[in-house]
Amino acid sequence: MINFNGDLVQNSNQSIEKNRGFLFGDAVFETLKVLDNKILFLEDHYFRLMASMRVLRMEIPMNFTMEYMEEQILKTISCFDSNAISFRVRVTFFRDSEGLYLPLDNKSTKFLIQVSPLENAIYSNNSNEYEIEIYKDFYVTKQLLSSLKTTNKLINVTASIFAEENGYKNCLLVNNEKNIVEAINSNIFIVNGKTIKTPPISDGCVNGIIRKQIIELISKSDEFTLEEVSISPFELQKADEIFLTNIISGIQSVSKYKKKEYVSEIANQLLIKLNAKIRLS
């Protein structure tokens, strides 16, 4: 069961030969997590989605308020036949028009909500081996579009295939200045002593929801200093710790990059604080 433009249906019956999201990647999306019938960081997700649509000059439906988005997501989950208490949700908006690069009508958009159950309810740091590598075949460009969650994700797709073929759990993407931007599906943080670094949005990384939460948690700590700065690949092997963040997994520690092995002490501390913040919100 999916939610297509507010209606619960088995499938959208949309013809892909006319769908701009399929033809041109003319679509934006949000991946959300729902726990105990509560959408985590709903406001952050909603405003990021609205900002992305404005950047792409997409028409935002008048009725698509934050309350409406919440209602539609929970309505879709309620029809899902599962005992799960945690769900992955994807909300996709696409421009609903025929045309070539230029849409014939730029006054209409439609949305699709897809839901799938998750095994883990609260966030936990997977302690299994998690080896990464840098993906160098293609580069992320340093521009605003790179920071948006659009359906133009070929670098992420090819990097995922590269990781699978070579036995890595994830890959790090670099920009045209050869600096680390993010992982395939996550933002990145590196720890060196009492300093924690993460790439700035201007380097091309996605403006991650959990990235924002982690930055806030670190900023409130007297123990660590946060720096939003460009990260060179050479810094990775000098780091004490590397961890990745996204809305589905929360925090994932990296165990190995090349011959360097890492601990997960700081990541575990932040994970406890993140889960506590979710419980209290």
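Derivation of every value follows stated rules applied to the coordinates shown; laboratory data play no part. Everything quoted here is computed from the prediction, not taken from an experiment. No Cβ is skipped: glycine too gets one built from the backbone with ideal geometry, and neighbour counts run over all protein chains shown.
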Most mobile of Cys171, Cys79, Cys205 per a Gaussian network model of the chain (Cα springs, under 10 Å)?
Cys79
Between Tyr130 and residues 5 or more places away or on another chain, which pairs have amide H atoms under 5 Å apart, with H built 1.01 Å from N, and which residues are they?
Ser255, Lys256
So which chymotrypsin sites (Phe, Trp or Tyr not before Pro) in segment 76-174 end up in coil per DSSP with only 11 or fewer other C-beta atoms within 10 Å?
Tyr101
Please label the shape of segment 174-281 as rounded, prolate or oblate, based on the square roots a ≥ b ≥ c of the eigenvalues of the alpha-carbon gyration tensor (a/c under 1.5 means rounded; beyond that, a/b larger than b/c means prolate, else oblate).
prolate
Tell me, what ³J(HN,Hα) does each residue in segment 90-100 have, in order and in whole Hz, if you take phi through Karplus 6.51 cos²θ - 1.76 cosθ + 1.60 with θ = phi - 60° and put x for Gly and Pro?
10, 10, 10, 10, 10, 6, 9, 7, 7, x, 9
Could you list which residues have their amide H under 5 Å from that of Arg95, counting only those 5 or more apart in sequence or on another chain, with H placed in the peptide plane?
Gly21
Filtered hits (lysines, Cα-Cα < 16 Å from Lys75, offset >= 8 within chain) -> Lys33, Lys38
Please get the size of the charge dipole for the chain, origin at its Cα centre, with Cβ charges of +1 on Lys and Arg and -1 on Asp and Glu, quoted in debye to the nearest 20.
260
Phi-derived 3J(HN,Hα) across segment 105-121 with the Karplus relation (6.51, -1.76, 1.60, θ = phi - 60°), rounded Hz, x for Gly and Pro, is 9, 9, 10, 9, 9, 9, 10, 9, 10, 10, 10, 8, x, 10, 6, 8, 7
Specify, per residue and in Å³, the volume enclosed by the convex hull of the alpha carbon atoms belonging to segment 2-117.
93
R0 of 35 Å, Cβ-Cβ distance Lys277-Phe162: FRET efficiency to nearest 0.05
0.50
Label zone at Asp36 (point 7 Å along Cα-to-Cβ), backbone N below 17 Å, segment 240-281
272-281
To the nearest µm²/s, what D does Stokes-Einstein give for the chain at 4 °C and 1.567 mPa s, using the Kirkwood radius over alpha carbon pairs as Rh?
65
Quick one: what are the phi-derived ³J(HN,Hα) couplings along segment 229-238, Karplus 6.51/-1.76/1.60 with θ = phi - 60°, whole Hz, x for glycine and proline?
9, 5, 10, 7, x, 5, 6, 4, 6, 8
Residues whose placed amide H lies under 5 Å from that of Ile231, excluding near-sequence neighbours
Ile180
Which loop GluC sites (Glu not before Pro) in segment 19-118, with loop taken from DSSP, have no more than 13 other Cβ atoms within 10 angstrom of their Cβ?
Glu98
Let me know the shape class of segment 1-66, please: from the alpha-carbon gyration tensor, a ≥ b ≥ c as square roots of the eigenvalues, rounded when a/c is under 1.5, otherwise prolate if a/b is greater than b/c, or oblate.
oblate
Partner lysines whose C-alpha sits under 24 Å from that of Lys256, ignoring same-chain residues fewer than 8 away, are Lys136, Lys169, Lys178, Lys194, Lys197, Lys238
Could you give the radius of gyration (one decimal) and Dmax (whole number) of the Cα atoms in segment 119-230, in Å?
14.6, 42
Restricting segment 102-156 to trypsin sites (Lys or Arg not before Pro) in coil, as DSSP defines it, with at most 11 other Cβ within 10 Å:
Lys107
The extension gain from Leu56 to Gln143, computed as 0.36 nm times the residue separation minus the Cα-Cα distance, is 30.0 nm
Which value, in debye to the nearest 20, gives the size of the charge dipole of segment 168-281 about its Cα centre, when Lys and Arg are +1 and Asp and Glu are -1 at the Cβ?
320
